[in-house]
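Report on the structure given below.
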Ligand code: HXH
């Protein structure tokens, strides 16, 4: 058979087009709509991960389908990153930032100054005595400059101070080693150091129980005082470790409105919805139909509220990927399995997922 040149060309063109269209079809099939796509006109949707998540290609694909922001669950905390005065451990944090940059995801840094997961050496001298305020603040400054400086331009927001406000009635700030040694100055100083290290980064004060009216007022007071003193605190993180019963729509809305009245933005930084409302071992250990229904309703209310306040809410981050494993397994009750997230143990979307994307 003899083909003229134009026919040859059209045949090639046809094959080429077929190839392109099947490639597109395959692409579409492999990138179905994820959580982040439903919220593209609202705010980024993030998730806290460990570096191990990135070692498995199915998990990587799942992360890219649903999320457009990452947080290190532990890998950027003071103790893992800075285990000894002269030693930094960057492996885990670097892997998370690199994966995010390769795939166009945002990164929220967590966290620079916290009373937990801080290394012992930070607070003590070589004789085992507590250090003085100047020494501790110098160590904090060095730490913050190293970490924030390393990821400058790649981490867009930092939880600078985590959980400094007390839960105790009649106590304003938590009596941590930071507070014992420095008084309340460590808070303002942490923000100043972070701002020096990366003037572009959005700096957060982050806490839990932020909807409790008593704690809410303390956090509000702290933020107001810092802002009036021109301390570079730009936003507040509501952790969002909630449950199927808490908070109510009204409490959540009042908290958002009170923080927003300071003229600052808000993110939900560590979202999960525990299926338990007490610290007891359940009689039936599985995820009951009632828990499932209450969780679906709670998630619907939460995201309805987030969307309503989209003008001040600049991000929502889940604290872990799926019910396969979360920090709430074994915490605060040893041996108790929780089901706090939108995806089940096989990474399938739960009923609650439908209530978050069905609007
Ligand atoms: C968060 N704290 C941290 O910000 C995050 O870095 C960590 O990975 C997980 C959760 C939440 C938290 C706050 C107080 C707390 C426990 C967790 O204290 C309790 C102790 C006993 C019982 C209940 C709370």
Given the residues 75, 100, which is the only one that is under 20 Å from residue 316 (Cα atoms) and touching a residue at least 40 places away in the same chain (Cβ under 8 Å)? 100
If we keep only residues of segment 123-142 that are touching a strand residue (DSSP E or B) at 6+ places or on another chain (Cβ under 7 Å) and in contact (Cβ under 8 Å) with a residue 12 or more places away in the chain, then the residue farthest from residue 86 (Cα to Cα) is 130
Would you confirm whether any residue within segment 209-216 is within 16 Å of the ligand (Cβ to nearest atom), under 17 Å from residue 314 (Cβ atoms) and either touching a residue at least 24 places away in the same chain (Cβ under 8 Å) or assigned to a strand (DSSP E or B) (or both)? yes
Checking residue 28 against (1) touching a strand residue (DSSP E or B) at 6+ places or on another chain (Cβ under 6 Å); (2) modelled with pLDDT under 95, only one condition comes out false. Which one? (1)
For segment 267-291, how many residues are within 16 Å of the ligand (Cβ to nearest atom) and not in a loop (DSSP other than H, G, I, E, B)? 8
Quick check on segment 105-120. Is at least one of its residues farther than 29 Å from residue 57 by Cα and in a helix (DSSP H, G or I)? yes
Any residue that is farther than 25 Å from residue 270 by Cα and loosely packed, with under 12 Cβ neighbours inside 10 Å - is there at least one of those in segment 91-106? no
Mind counting the residues in segment 59-79 that are surrounded by fewer than 17 Cβ atoms within 10 Å (Cβ to Cβ) and within 16 Å of the ligand (Cβ to nearest atom)? 1
Here are 304, 323, 344: which of them is more than 30 Å from residue 202 (Cα to Cα) and either over 19 Å from the mean Cα position of the chain (by Cα) or free of Cβ contacts under 8 Å to residues at least 12 places away in the same chain (or both)? 344
Taking segment 223-265 and keeping only residues that are surrounded by fewer than 19 Cβ atoms within 10 Å (Cβ to Cβ), touching a helix residue (DSSP H, G or I) at 6+ places or on another chain (Cβ under 8 Å) and part of a helix (DSSP H, G or I), one is left with 249, 251, 253, 254, 258
Restricting attention to segment 143-164, the residues that are in a helix (DSSP H, G or I) and in contact with a helix residue (DSSP H, G or I) (Cβ under 7 Å, 6 or more places away or on another chain) number exactly 6
Go through segment 121-133 residue by residue and tally those that are closer than 15 Å to residue 179 by Cα and not in a loop (DSSP other than H, G, I, E, B). 5
Return only the number of the condition from (1) out of contact with any strand residue (DSSP E or B) (no Cβ under 8 Å at 6 or more places or on another chain); (2) under 16 Å from residue 231 (Cβ atoms) that residue 167 does not satisfy. (2)
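Please work out if residue 140 is more than 30 Å from residue 177 (Cβ to Cβ), away from the ligand (no atom under 15 Å from the Cβ) and either part of a helix (DSSP H, G or I) or within 18 Å of the chain's Cα centre (by Cα) (or both).
On the way: more than 30 Å from residue 177 (Cβ to Cβ): no; away from the ligand (no atom under 15 Å from the Cβ): yes; either part of a helix (DSSP H, G or I) or within 18 Å of the chain's Cα centre (by Cα) (or both): yes.
Criteria not met by residue 140.
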Looking at 334, 351, which one is surrounded by fewer than 20 Cβ atoms within 10 Å (Cβ to Cβ) and away from the ligand (no atom under 16 Å from the Cβ)? 351
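The values are calculated or read from the model by the stated rules, or taken from the named source; none is laboratory data. These numbers come from a predicted model, not from an experiment. As a convention, Cβ positions derive from the backbone with ideal geometry for all residues, glycine included, and neighbour counts pool all protein chains shown.
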